[in-house]
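Before any comments, here is the structure.
Bear in mind that the values in this text are calculations on the coordinates, not laboratory data. Fair warning: this is a prediction, and the values are worked out from it, not measured in the lab. Cβ coordinates were reconstructed from backbone atoms using ideal geometry, including for glycine residues, and neighbour counts include every protein chain displayed.
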Amino acid sequence: VTGGAVTGGAVSYAAVVIDPAVAALGRALHYRVPPDLSARVRVGTPVLVPLGPRVVPGYVVAFAAEAPVAGIKDIMAVREADAAVPAPLVDLADWVARYYGCSLDEALHAMLPGGGAGVRPRRELLAARVGASLGVPPGARGDAAAEAAPARRGPRQAAVLQALEALGAFAAPGAPGAPDGPAPAETWAGLGEVAARAGMAPAAARGVLARLAELGEVRLVQREVGRDPLAGRAAVATEAGPPLTPEQETAVAAVTAACAGGGGAFLLHGVTASGKTEVYMRAAATVLAQGRSAIMLVPEIALTPQTIDVFWRRFGPRLAILHSALSAGERHDQWRRARSGDATLVIGARSAAFAPVPRLGLIVVDEEHESTYKQEDAPRYHARDVALRRAAAEGAVAILGSATPSVESFHAAAAGRLTLLRLTTRIDERPLPAVTVVDMREELKAGNRSMFSRALAAAAAKRLAQNEQIILFLNRRGHSTFVLCRECGHVMRCPHCDVSLVLHAPGSLLRCHYCGFSRPAPTVCPSCKGTKIRFFGVGTQRVEEEFCRLHPGARVVRMDVDTTRRKGSHEALWRAFRDGAAQVLVGTQMVAKGLDLPSVTLVGVISADTALNLPDFRAGERTFQLLTQVAGRAGRGPLGGEVVVQTYDPGHYSIRAAQRQDYDAFYSQEIEARRELSFPPFRRLVLVQFSGGDAAATARFAGRFVDQVRRALPAGGEVLGPAPAPLARIKGRHRWQAMLRGEDVWGLTAAARGVLEAARPPAGVRAALDVDPVTML
Ligand SMILES: [Zn+2]
Ligand SMILES: [Zn+2]
């Protein structure tokens, strides 16, 4: 099937994807386009179609000139035309489906605001008393019933009319519920206000108002109200930007020239606090001035109030935001604002790569190296790669920005597929913080068994005494990360997952971080009945506890998944630290990004090794990125700053390069390792994951897949495995995987998909494709 509009009113046929929120069919269905609808049906149009006995919502994704099947049914109606998925996004969905090996409806689902067609615009009932204070003579009130009405008024009607009068809500006579806007002299009151003033429940007040409307005493209108997460922000005079550094000038000039021309793709490599955001904002201002739209993607974790504030001050109400913490209604309304062109700058997390803005001129991917840009459920797309594809297809400019670019992106820049722009100095030429690496083996030899090295302890004491702020980083939450019986060596593990349980708060619960299983911490070993239960492995809770023990007066807050579950708690913790209510912030990678706090003068990395030892070829890259990002939180103000990194592996090239914040040194080592081991970017990967409740059946199916796919691989392709996944069991499901590797990623995906579509997996066994996987666990 191909895209394109219906021509000349000729009868034609449409491929329709049923709204994935209603039915996940995995493919498009065909319908006839009746002649009376043909002028209104385009690619992306939301329609109603028959599906068995039901009438269901769907989206037109393509047309065909001839009926592809016999007995075809008609499209019944066009739904809200302003909710149409723009045609370029339908094309993008097609690309996502083919590239990532998913179905078209899975891909289209990513294009829709959350909740699909199920979320309706919110409407508000407004009421006003007819006439009276508008100076309308009683004879003009409408009909005879209205004239006679006062005599028949009950006490509830009188109360509602009095409420309207007290609220000053008056309107000219007109048809009840007329959709026209209010005349200038009219004032309307919302149902809630009227009910409160009349002392009734809203439902009761609504009934009384309806009756009074029939009598011509009041007028009612429904008005659509936007659910706006930015509501309450004062509209401000938009700020001009600060003067640019020479490096920023060069970058802005290159990007602006591309915006005026036919587009382009850039990698903006700028050290932390070098002013990348200013470059993004100048580029956005340029395309907005051209009457085009811009999208800026940020990692979910960096979508802080601080980020939004910065953009709000520059762009004001042209801004829309899209991310997973919004309610379905808010997301729906923001999506519509972007779709209608009311908002021309969209900031959002991963899924905002699909924001339905018209005339896309710019798409920015900030912190492009972040693994959270990869979606872990179907469609398993990478927002950075979607952004590059979309920009190229729509003639827009793409900017990937990072202080620590992914190896893939830097390699693409070295090969000339991305234009490299660099910002090598911090704003105001502040020096990068000095980084001290502490060998924790030496600490042990010197008799220091504490989680704080002598260097970190001394630095912390000094900063506290000077009333400066400290960030302590550890990428592991909980209190103790494993629990062991000293007598028999038994480790408490999750009964459903192949992982050890984590202690949360001493004397409380052991929890599984993968399935949520919990049990009380044992005092007796379940294996040998011994009593020497010991807690090992430091998590953020224990860092907080230990720091408070050593510095009793210090005010400490902790920011991790456990303390930020409730809506708004992340913002509250962040404000407490920013406003100085807390001196010390302990946290996971949540604290590594987005925080720009000039009074932070010390960053302590409790263990640099948490990511280094993972069985993943990106472990070294992750470690370098995380250490560089977290170190960048220090010394952003005039007080300067220092960083202390604790490790058992001080000789590792990732740690040594992070110490000097030397990206080029890291990259030159890492790229050689990738070349030698045939990993990306030299070879492409497609990971196939198998899971099932029955271990043997899952392993057998994985083996059968590998035998078959081997014969379908493109030239130069190979298959590794099958092997148990590093996390061999999660939520009671056994996990196996196979890795396809080669230069032709389309060929690898097609081979895997072809075999899986023809295969009959045993009951309960599932297989999933992950193209360009970012995690191998
Ligand atoms: Zn034991
Ligand atoms: Zn578990």
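Relative contact order for the range 497-589 using alpha-carbon pairs under 8 Å, separation at least 6, rounded to a whole percent? Don't jump to the answer; show the numbers that get you there.
Working: 99 pairs, mean separation 17.5, N = 93.
Reported relative contact order: 19 percent.
Could you state the number of Å between the C-alpha centres of the range 514-544 and the range 71-94?
54
In whole Hz, with x marking every Gly and Pro, tabulate ³J(HN,Hα) for the range 525-539 from phi via Karplus 6.51 cos²θ - 1.76 cosθ + 1.60, θ = phi - 60°.
5, x, 8, 10, 6, x, 10, 8, 7, 10, 10, 10, x, 8, x
Share of antiparallel DSSP beta bridges in the chain, in percent to the nearest 5?
55
Quick one: Karplus J couplings for the range 470-479, per residue in order, coefficients 6.51, -1.76, 1.60, θ = phi - 60°, nearest Hz, x for Gly and Pro?
10, 10, 10, 10, 8, 8, 8, 9, x, 9
Across 20 Å bins from 0, what is the distribution of all Cα-Cα pair distances for the chain, in whole percents?
All Cα pairs, binned at 20 Å, distribute as 14, 40, 33, 12, 1 percent.
Can you tell me the 0 to 90 degree angle between the C-alpha axis of helix 695-710 and the longest principal axis of the chain, rounded to 10?
The angle comes out at about 90 degrees.
Which whole-number percent is the relative contact order of the range 346-447 (Cα, under 8 Å, 6+ apart)?
Across the range 346-447, relative contact order equals 25 percent.
Based on the mean of other Cβ atoms within 10 Å per residue, sort peptides 84-91, 379-386, 203-210 so the most packed one is first. Please report the intermediate quantities before stating the final value.
Working: 84-91: 21.4, 379-386: 23.8, 203-210: 18.0.
Most protected by this proxy first, the peptides run 379-386, 84-91, 203-210.
Out of residues 5 or more away from Leu400 or on other chains, whose amide H comes under 5 Å of its own, with H placed 1.01 Å from N in the peptide plane?
Here Phe266, Leu267, Leu268, Val365 satisfy the definition.
Which of Ser274, Ser12 comes first, and how do the rest follow, when ranked by fewest Cβ neighbours within 10 Å?
Ser12, Ser274
Tilt of helix 276-289 relative to the longest C-alpha principal axis of the chain, in degrees (0 to 90, nearest 10)?
Its long axis makes an angle of about 30 degrees.
Using a 4.7 Å Cβ cut-off, which Cys residues in the chain lack a partner cysteine?
Cys102, Cys259, Cys515, Cys548
Search the structure for amide H atoms under 5 Å from the amide H of Ala64, placed 1.01 Å from N in the peptide plane, and list their residues when 5 or more places away or on another chain.
Tyr13, Ala14, Ala15
Which whole-number percentage describes the relative contact order of the chain, with Cα contacts under 8 Å and a sequence gap of 6 or more?
So the answer I get is 10 percent.
Return the sequence-ordered ³J(HN,Hα) values of the range 736-751 in whole Hz as given by the Karplus equation 6.51 cos²θ - 1.76 cosθ + 1.60 applied to θ = phi - 60°, using x for Gly and Pro.
Running phi through 6.51 cos²θ - 1.76 cosθ + 1.60 with θ = phi - 60° gives 10, 8, 9, 10, 9, 9, x, 8, 9, 5, 4, x, 4, 5, 4, 5 Hz.
Could you work out the helix-only [θ] at 222 nm for the chain, with each DSSP H run of four or more residues adding -39,500 (n - 2.57) and the total divided by the number of residues, to the nearest 500 deg cm²/dmol?
Estimated from H runs of four or more residues: -9500 deg cm²/dmol.
Using a Förster distance of 30 angstrom, determine the FRET efficiency expected from the C-beta separation of Leu550 and Leu614, and round it to 0.05.
0.50
Rounded if a/c is under 1.5, else prolate if a/b is larger than b/c, else oblate: which is the range 357-507, with a ≥ b ≥ c the root eigenvalues of its Cα gyration tensor?
oblate
What does the highest-first list of 315-324, 48-57 look like by mean Cβ count within 10 Å?
315-324, 48-57
Taking Cα atoms, how many degrees apart are the long axis of helix 454-465 and the longest axis of the chain, rounded to 10 and kept between 0 and 90?
Helix 454-465 sits roughly 40 degrees off the main axis of the chain.
At what distance in angstrom do the alpha carbon centres of the range 690-710 and the range 383-405 lie from each other?
Going from one Cα centre to the other spans 37 Å.
Sequence-distant or interchain residues sharing an amide H contact under 5 Å with Gly478, placed H: which?
Thr540, Gln541
So for each of 625-634, 719-728 I average, over its residues, the number of other beta carbons within 10 Å; can you give me the resulting order with the highest mean first?
Output ranking for 625-634, 719-728: 625-634, 719-728.
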